[in-house]
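The values are calculated or read from the model by the stated rules, or taken from the named source; none is laboratory data. None of the values given here were measured: they were computed from a predicted structure. So basically every Cβ, Gly included, is an ideal-geometry build from the backbone, and we count neighbours across all protein chains shown.
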């Protein structure tokens, strides 16, 4: 039986925007803004499921596992975007959060739509990473029916990995195939079927939550500071100095000295707040599994 894609929420026509082609610039962007206001509310309804997914990801990280994002088109690009930001923000290796996009890296710039219809390619691309039961695989698809993503999720389940669906059509094959379903229903798009709009915004918000909340829970933040930021350019060096100053109240000279000795915001903060040397700060952080607050409190 042929699939009725037109019945999907994300593919239906929005009755509020039927006059889109008659509007001026301000009217168009005002209409888009009005529709976008519904996105955060749709995501809010999914917070319990998002939290369940975070718990799966944290469990994977604590076992030495990885987080995979799998998607095609806009959904795939959003996965690549979120994954690529994790190493500089949280100081994790690139292989810890892995994006897999239909069509490969080249498809990030130049669309490769035909690949998304091939579940066997999604399966192959995921299995190429030697997925195990320690990993969590997040399938991202606004429609909830992308064959490429379905193939990858099926392969993940066969390997015992935890699976999460991030979709915008709740009763869809991908939603029903995953251990945890995250399905913010944002309604029809301003431009019919253009899921890079509200659906894409909702997916980006969800991915922000999945990665950030998971990283915080494995010790990548102290208060609300990104204490594992990598000092790889002048902007990030300046940010590191400010982070340690905010955390400790120490002078710029003291902070720079601690950072020069340690090469790490975390270690520098423990050194300054606990009054210990580099070696002791490193020891405490190791015993505290990287949590700065616990390391400072140690004796």
### Task
Would you be able to say whether some residue in segment 125-136 is at positive phi and free of Cβ contacts under 8 Å to residues at least 12 places away in the same chain?
yes
Scanning segment 242-266 residue by residue, the ones that are more than 15 Å from residue 227 (Cα to Cα) and either surrounded by 18 or more Cβ atoms within 10 Å (Cβ to Cβ) or touching a strand residue (DSSP E or B) at 6+ places or on another chain (Cβ under 9 Å) (or both) total 1
Of the candidates 183, 202, 177, the one satisfying the condition of being at pLDDT below 95, in contact with a strand residue (DSSP E or B) (Cβ under 9 Å, 6 or more places away or on another chain) and crowded, with 18+ Cβ neighbours inside 10 Å is 177
Practice item. Kindly indicate whether residue 138 is at pLDDT 95 or above and within 16 Å of residue 43 (Cα to Cα). Key: no
Among 193, 151, 122, the single one that is surrounded by fewer than 22 Cβ atoms within 10 Å (Cβ to Cβ) and either under 24 Å from residue 96 (Cα atoms) or over 18 Å from the mean Cα position of the chain (by Cα) (or both) is 193
It is to be established whether one or more residues within segment 236-245 are part of a loop (DSSP other than H, G, I, E, B), free of Cβ contacts under 8 Å to residues at least 12 places away in the same chain and under 25 Å from residue 92 (Cα atoms). no
Here is a check on your reading of the model: is residue 293 under 27 Å from residue 58 (Cα atoms), in a helix (DSSP H, G or I), at pLDDT 95 or above and under 29 Å from the mean Cα position of the chain (by Cα)?
yes
By residue number, the members of segment 41-52 that are closer than 22 Å to residue 226 by Cα and crowded, with 18+ Cβ neighbours inside 10 Å are 50
